[in-house]
Amino acid sequence: MRVHLTTRDELAGTVEEVYALLTDPGFQDAKCVATTDDAHNFTVDVADAAGAHRVRTERHLPSDGLPDVARSFVGDNLTIIEVHTWSLPAADGSRESVVDLHVKGAPLTLKGTLRLEPSGSGTRQVLDADLKANVPFIGGKIERAAAEPIEGAIEIETALLKEWLAR
């Protein structure tokens with residue numbers, strides 16, 4: 001089983017402006033604070049590789065909504081490790097990131113792509129990813145339970161991105 005997540009958001013900034021924010025350690029710090037239950041316990045690492053970036057964050061979310069069997073893997077908190085490996089810009093200015101998110105100590109992953117595409121005077125941000133729990137018999141239940149907090153974190157991050165672009 002797997003849960004497929006697709007989001008499309010229109011952002012009021014150029015691809016370069018959106019990319020600059022997504023690779024800004026200050027924005028990543030703000031994202032972690034906004035999407036964690038422990039605002040003092042997260043890490044952000046942004047590495048520049050000749051115009052492309054690798055952004056790694058690690059933060060904690062409560063495991064309240066997960067089934068008991070899933071909580072037995074992770075305890076009271078989910079430690080989320082999220083890595084975005086960005087490409088150089090394409091000829092049209094678009095950028096793409098490989099998204100690799102996993103929960104430490106649990107067989108739960110989110111893998112896919114995040115694209116930034118020129119759209120009129122702004123940017124279209126498209127996330128296309130699969131959430132998968134490699135647990136026999138109950139993987140689907142875990143995936144459905146984990147999808148809600150992950151989608152909530154994505155919505156918070158997008159709202160924060162729009163707020164920062166409006167500054």
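Within segment 3-19, identify whether any single residue is at pLDDT below 95, open to solvent by 70 Å² or more (accessible area, probe 1.4 Å) and touching a His at 6+ places or on another chain (Cβ under 9 Å), and answer yes or no. No, segment 3-19 contains no residue that is at pLDDT below 95, open to solvent by 70 Å² or more (accessible area, probe 1.4 Å) and touching a His at 6+ places or on another chain (Cβ under 9 Å).
Residue by residue, here is whether (1) without any contact (Cβ under 8 Å) to a residue 12 or more places away in the chain; (2) at negative phi; (3) touching a Leu at 6+ places or on another chain (Cβ under 7 Å) holds:
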residue	(1), (2), (3)
Asn77	no, yes, yes
Ala90	yes, yes, no
Pro107	no, yes, no
Lys111	no, yes, no
Asp128	no, yes, no
Lys132	no, yes, no
Phe137	yes, no, no
Gly140	no, yes, no
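Note on segment 153-167: among residues that are of a type outside the set (Lys, Arg) and without any contact (Cβ under 8 Å) to a residue 60 or more places away in the chain, the one that is farthest from Val18 (Cα to Cα) is Glu155. Residues of segment 106-122 that are assigned to a loop (DSSP other than H, G, I, E, B) and over 18 Å from the mean Cα position of the chain (by Cα): Gly120, Ser121. Applying the condition of being open to solvent by 10 Å² or more (accessible area, probe 1.4 Å) and not β-branched (Val, Ile, Thr) to segment 123-136 and asking which residue is farthest from Arg2 (Cα to Cα) yields Arg124. Within segment 20-31, being open to solvent by less than 60 Å² (accessible area, probe 1.4 Å), at pLDDT 95 or above and of a type outside the set (A, V, I, L, M) holds for Thr23, Asp24, Gly26, Phe27, Gln28. Tell me, which residue of segment 72-105 that is at pLDDT 90 or above and in a loop (DSSP other than H, G, I, E, B) is most open to solvent (accessible area, probe 1.4 Å)? Checked segment 72-105; the qualifying residue most open to solvent (accessible area, probe 1.4 Å) is Ala91.
Pairs linking a residue in segment 32-50 that is at negative phi and open to solvent by 40 Å² or more (accessible area, probe 1.4 Å) to a residue that is part of a loop (DSSP other than H, G, I, E, B) and aromatic (Phe, Trp, Tyr), with Cβ atoms under 8 Å and 6 or more positions apart or on different chains, are Val33/Phe42.
The values are calculated or read from the model by the stated rules, or taken from the named source; none is laboratory data. Note that the structure is predicted; figures quoted are calculated from it, not measured. A quick note on method: Cβ atoms are made from the backbone with ideal geometry, for glycine too, and the neighbour counts reach across all protein chains shown. Note: areas computed on protein heavy atoms with side chains; ligands, DNA, RNA excluded. Shrake-Rupley method; radii C 1.70, N 1.55, O 1.52, S 1.80 Å.
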